[in-house]
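Trainee: Can you read through this structure? Questions will come right after.
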Amino acid sequence: MTEATRTLLEVTNLKKYFPIKKGLLSRTVGHVRAVDGVSFAVKQGEVLGLVGESGCGKTTTGRCVLRLIEPTEGSVKFDGQEIIGLPFSEMRRLRRQMQIIFQDPYSSLNPRLSVRRMLTEVLTVHGLANGAAARERVGDLLRLVGLSPSQADRYPHEFSGGQRQRLGIARALAVEPKLIIADEPVSALDVSIQAQIVNLLRDLQKEMSLTYLFIAHDLSVVEHISNRVAVMYLGKIVELAPSLDLYRSPRHPYTVSLLSAIPSHDVTHKKTRIVLKGDVPNPAKPPSGCRFHPRCFMAQPVCAVEEPPLREVAPGHCSACHFAEEVSSKTPAGV
Amino acid sequence: MTDPVEVVAPQSPGVVFWTQMKKSPLAIAGGVLLGLFYLLAMLAPFVAPYPQEEMDRTKYFHPPQGLHWIRADGSFSLRPYVREERLVDVGSFEYQEDPVRELPLRFFVRGEPIYILGVLPTSLHLYGVDPPGRVFLLGSDSFGRDVVSRLLYGSQISLTVGVVGIIISFTLGLLLGGIAGYFGGFADTVIMRITELLLSVPSLYLIIALRAVFPVDLPSRQIYLGIVAILAFIGWAGLARVIRGLVLSMRKSDFVTAAEALGFSRLRVIARHVLPNTMSYVIVAATLSIPGYILGEVVLSFLGVGVQEPSASWGNMLNQARSIRALTTFPWLLLVPGTAIFLTVMAFNFLGDGLRDALDPRRVSGGKA
């Protein structure tokens, strides 16, 4: 992958506030800032991992990018075209180029449609194939995701979780998209199946030069598939770096704590696990200053007052911490 | 790729439905019983030996006749017969069997001209006895009318009131509930407040109040339509709320989001992905609420504001058994329509329960377990 490849997806200052309504007249008493000013770019053929705890807004970010949820503010450019504010009919044409893979393989397939009908519907609606050609294409798609064409007449409930996730992938691939948003595609699967699905997604990405926004709540899952990783905390990106840099020399205390939570099989190098204090704060009332400061093991008085911007601390490595330069040297064991 | 379960035929939702349905014999029994009842209702003029309003002024409160196979002289008769009974005490309507006067039951006899299914003219009836004898297998009422005939003609009203009513309230509920669930916002608020208003008034008072809007003495066909309209007007609210909830939860589900992400039109998303997945709930809800309509007709007719005499309905047949004397002396007036209502309502409930189990989409989708 060359650095010269063009940017396929550019997200700038994306915000999604959900109103909190109370009382008989549904007055808006506040907002949940699910996504609060997120910016990133994904290049053609790149895999960007998006990692964070539950409730940090990573799924909302993914849905906003596809406009499955209407963002409150911000811009999403796909292939140079602004898609926020695009009329419904034009958006529908664009949807062919960007697809989504869901977390829950059980609820993401319509139980009333057989695999063939599900895939054929996609193909015919977009005018990609009809009749015998569609039949052929359904078989190809199933082979592509490691299923047998002879299973085409089965219904979703006859498949296992891993197989259903493969069906979800086949459905997304049916429209030959450029960008796939994988919304925690392996979180609901058994560990043994997780690796299979991640490998499948990686193989497909290489074969078809797809671009992924790969959402996960676990750094270990995205390690093998991502070129770059963005870490989200409470609606903001706190660190964004090439995978290798992020895993070797994290520059944000939150990333450090996430990395320490990955179970290690290296017994000689026993890591000290950093257990964060408290819970994720209420996104309706985020803490002052740095949003991570109440739980941060490096917190200084300034952190409670001033919000650190996301700044480049090393080439291509961005961090939103006042003390980013000190993070990598600071060993978690010293805490 | 070898798959050990390759040979098993794919389980379409239909196949799953039948496999599940076979597991609940009560539901099947309910379905069969209802099938039989509706068949009898359709063929009522043919099965009934007499027209519903035909009176025999010499046979008031005639008790049900027993079928006999052994003749008075002890010989066996393959053809069942009934014995003619004579009124012995006019005051208490006491009848006594005449062991000698045998009336053999004849099948496919000529009687009053009728129209089967409303189109097929004939004078054949399923059974009867040679005139001037009369057969009252389930007794006669205070006007000397055959209870079997009235039960059959009455079922035409009592059994259809539920189905026609559910079709009307189903349409209203699906439309309004669907709008409320799909569009949300203001439409949702308005529709849901209306349903709450309807549901908060005790339904019996609402039925009677609405009935008061119509004149009391209308032709029976118009009364029938009025009853259906009243019951449907009351019934749609509950259904609309259920459908609104279903549509709402469907809209948030991943496969609907997937369909939207695939760029399907709104109409396609609703018609192919949302509605088919609410259908199983709707069918069950409809089946389970039909008894409510049947009982609603019974209540109206029992109160005397429903189907008017001489037209029969199960409700106004019960109306005849209101007095203590009727209950003690002529119990068949209560037991016959009562049993018919009881069996129908139970059959619908069993069928509905079975349908719910068989159509449960969680079971169809396999679930996580």
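The values are calculated or read from the model by the stated rules, or taken from the named source; none is laboratory data. In this text, all values refer to a predicted model and were calculated from it rather than measured experimentally. Cβ coordinates were reconstructed from backbone atoms using ideal geometry, including for glycine residues, and neighbour counts include every protein chain displayed. The area values use the complete protein model at the heavy-atom level, side chains included, leaving out ligands, DNA and RNA. Shrake-Rupley method; radii C 1.70, N 1.55, O 1.52, S 1.80 Å.
Trainee: Within segment A:184-201, can one find any residue that is in contact with a His (Cβ under 7 Å, 6 or more places away or on another chain) and either part of a helix (DSSP H, G or I) or at positive phi (or both)?
Mentor: Yes, there is a match, as at least one residue in segment A:184-201 is in contact with a His (Cβ under 7 Å, 6 or more places away or on another chain) and either part of a helix (DSSP H, G or I) or at positive phi (or both).
Trainee: Can you pull out every residue in segment A:30-71 that is touching a strand residue (DSSP E or B) at 6+ places or on another chain (Cβ under 9 Å) and hydroxyl-bearing (Ser, Thr, Tyr)?
Mentor: The answer is A:Ser39, A:Thr59, A:Thr60, A:Thr61.
Trainee: Which condition breaks for A:Arg137 when tested against (1) closer than 21 Å to B:Glu260 by Cα; (2) of a type outside the set (Ser, Thr, Tyr); (3) open to solvent by 20 Å² or more (accessible area, probe 1.4 Å)?
Mentor: The one condition A:Arg137 does not meet is (1).
Trainee: If you take the residues in segment A:164-185 that are at the interface with another protein chain (Cβ under 10 Å from one of its Cβ atoms) and either open to solvent by 20 Å² or more (accessible area, probe 1.4 Å) or of a type in the set (D, E, K, R) (or both), which one is nearest to A:Ile100 (Cα to Cα)?
Mentor: Across segment A:164-185, the extreme among qualifying residues is A:Asp183.
Trainee: Give the residue, chosen from A:Leu66, A:Leu50, that is open to solvent by less than 50 Å² (accessible area, probe 1.4 Å) and within 14 Å of chain B (Cβ to nearest Cβ).
Mentor: A:Leu66
Trainee: Can I ask one more? Output the residue which, of all residues in segment A:129-159 that are under 24 Å from B:Ser249 (Cα atoms) and not in a helix (DSSP H, G or I), is farthest from the other protein chains (Cβ to nearest Cβ).
Mentor: A:Phe159
Trainee: Just checking, how many residues over segment A:95-108 are in a helix (DSSP H, G or I) and facing another protein chain (nearest Cβ under 7 Å)?
Mentor: 2
Results for (1) within 7 Å of chain B (Cβ to nearest Cβ); (2) over 25 Å from the mean Cα position of the chain (by Cα); (3) of a type in the set (Val, Ile, Thr); (4) more than 24 Å from B:Val274 (Cα to Cα), shown as yes or no for each residue.
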residue: A:Phe88; (1), (2), (3), (4): no, no, no, no
residue: A:Met91; (1), (2), (3), (4): no, no, no, no
residue: A:Asn110; (1), (2), (3), (4): yes, no, no, no
residue: A:Gly127; (1), (2), (3), (4): no, yes, no, no
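Trainee: Determine whether segment A:252-263 contains at least one residue that is within 21 Å of the chain's Cα centre (by Cα), modelled with pLDDT of 85 or more and closer than 27 Å to A:Gln44 by Cβ.
Mentor: Checking segment A:252-263: at least one residue is within 21 Å of the chain's Cα centre (by Cα), modelled with pLDDT of 85 or more and closer than 27 Å to A:Gln44 by Cβ.
Trainee: For A:Arg117, indicate whether it is within 11 Å of chain B (Cβ to nearest Cβ), surrounded by fewer than 19 Cβ atoms within 10 Å (Cβ to Cβ) and not in a loop (DSSP other than H, G, I, E, B).
Mentor: Judged against the criteria, A:Arg117 is a match.
Trainee: If you scan segment B:131-155, which residues turn out to be surrounded by fewer than 16 Cβ atoms within 10 Å (Cβ to Cβ) and over 14 Å from B:Tyr50 (Cβ atoms)?
Mentor: Answer for segment B:131-155, where residues must be surrounded by fewer than 16 Cβ atoms within 10 Å (Cβ to Cβ) and over 14 Å from B:Tyr50 (Cβ atoms): just B:Ser142.
Trainee: Taking segment A:238-257 as the search range and keeping residues that are touching a helix residue (DSSP H, G or I) at 6+ places or on another chain (Cβ under 9 Å) and hydrophobic (A, V, I, L, M, F, W, C), which one is surrounded by the fewest Cβ atoms within 10 Å (Cβ to Cβ)?
Mentor: Filtering first and then ranking leaves A:Val256.
Trainee: Taking the stated definitions as given, is A:Ala230 within 14 Å of another protein chain (Cβ to nearest Cβ) and assigned to a strand (DSSP E or B)?
Mentor: For A:Ala230, the condition - within 14 Å of another protein chain (Cβ to nearest Cβ) and assigned to a strand (DSSP E or B) - is not met.
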